[in-house]
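Only one structure is covered here, and it is reproduced in the block below.
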Amino acid sequence: MVRRATGGLQGQPLKAIRFYALRYAALRDRFNRAYAALARERQVLDKWYDEDRRGRVGGNMEILREKKRIIGYLLTLRKVLFVFERVHFRLSELEEYWRQGYGEGTLEGSLTSRPSSRPWTGTGRCWSSGWLRCAT
C-alpha cells in the first residue's frame, strides 16, 4: 500500500515555502550585516592571513587583543549561520517539491513561487537557482 504524504513540507508546500523564503531573506540580511561588521576589522584578518603565509605568528598579547576585537563578530556570524544553513536546506528540499508541481503561488507582496522573468531580489540577491521570483 502506497501512502501519500499529507503532512510536513509536502502537505502545505506553499505555506512552507512562504515561511522559509521570508526566514531566508531575514537571515540573509542578518548575515550580511554581521559579515560587514567583521569586514570592518579587515586589517586584523589581513594581518593574520599574512602571518599564516609567512609561517610567523605575532606575540601572545597582541593575538589576544586582536581576538578580543573580532570574537563578537565571529560569534554573531556563527549564531546566524547555525539557523541559516538549516533554512537553506529546507528551501532546497522545498525547491524539489516545487519542481514536481507543489507550492506554486504568491508568498507575500511581490514575492512568488510562480515562474517569472524577474528573479526575486529581496535586497539584491536571488535564491541560487532563481525559483523564487518577484511578481511582474
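General remarks:
- Of all residues making up the stretch 56-80, the number that are within 26 Å of Arg33 (Cβ to Cβ) and hydrophobic (A, V, I, L, M, F, W, C): 6
- Taken over the stretch 58-77, the criterion of being touching a residue at least 40 places away in the same chain (Cβ under 8 Å) and either among the basic types (Lys, Arg) or farther than 27 Å from Leu27 by Cα (or both) is satisfied by no residue.
- The condition (being assigned to a helix (DSSP H, G or I), among the basic types (Lys, Arg) and under 30 Å from Gly105 (Cβ atoms)) is satisfied by just one residue among Arg78, Arg23: Arg23.
- Selected residue (criterion: nearest to the chain's Cα centre (by Cα)) from residues of the stretch 33-57 that are surrounded by 13 or more Cβ atoms within 10 Å (Cβ to Cβ) and over 22 Å from Leu81 (Cβ atoms): Lys47
Computed from the coordinates by the stated procedures, all read-outs in this text should not be read as laboratory data. In this text, all values refer to a predicted model and were calculated from it rather than measured experimentally. Cβ atoms come from the backbone with ideal geometry, glycine included; neighbour counts cover every protein chain shown.
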